[in-house]
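The values are calculated or read from the model by the stated rules, or taken from the named source; none is laboratory data. Note that this is a predicted model, so its numbers are computed, not measured. Cβ placement follows ideal geometry from the backbone for every residue including glycine, while neighbour counts extend to all protein chains displayed. In case anyone asks, the SASA skips ligands and DNA or RNA and just uses the protein heavy atoms, side chains included. Shrake-Rupley method; radii C 1.70, N 1.55, O 1.52, S 1.80 Å.
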Amino acid sequence: ESESSRHLRQVEAAYFYRCAQFGFVLRACAADDLTVTVAFAQKESAERCVDAMHGSATPDGNGQIVADYVVSGATAASVSKAIWIANVFDAVSAPTPDFDRFAEQLESDFVCECSKFGPIVSLAVVGEEG
């Protein structure tokens with residue numbers, strides 16, 4: 001077994017045991033990019049795990065965990081949590097003549113940053129209060 005394979009098995013074991021505190025873990029599988037998929041026996045266990053681990057530090061302390069759901073028979077996007085980001089800019093004083101260009105750039109920036117955490121189904125920049 002190569003050093004890389006041993007490291008992946010160690011990562012799998014670390015997440016298997018870390019996630020087991022939330023419910024019965026069927027398996028943990030680490031990919032070469034260190035993305036880890038953990039399969040739970042019950043959906044509620046996966047929910048508790050995602051809620052508790054998302055945003056927490058990785059076991060080595062060198063990163064942040066991005067946890068989301070992957071449900072058999074569904075895409076990650078169809079079960080992922082939705083977020084609402086407000087107060088990004090002052091809509092009252094948004095530059096009216098240049099707003100379309102400003103909105104396109106803002107949307108592009110958010111797609112770039114937010115897609116790091118999972119697939120984006122839709123994103124809209126609303127140039128009004130409320």
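Here are some notes:
- The amide H of H54, built 1.01 Å from its N in the peptide plane, has A67 as neighbours under 5 Å, considering only residues 5 or more places off or on other chains.
- The stretch between S4 and D60, if pulled fully straight at 0.36 nm per residue, gains 18.5 nm over its current Cα-Cα span.
- Ranked order, I65, I120 - accessible area, probe 1.4 Å, largest first: I120, I65
- Using the Cβ-Cβ distance between C112 and C29 with R0 = 35 Å, the FRET efficiency computed as 1/(1 + (r/R0)^6) comes to roughly 0.80.
- The stretch between D51 and V126, if pulled fully straight at 0.36 nm per residue, gains 24.2 nm over its current Cα-Cα span.
- Accessible-area value, D60, 1.4 Å probe, nucleic acids and ligands omitted, Å²: 110
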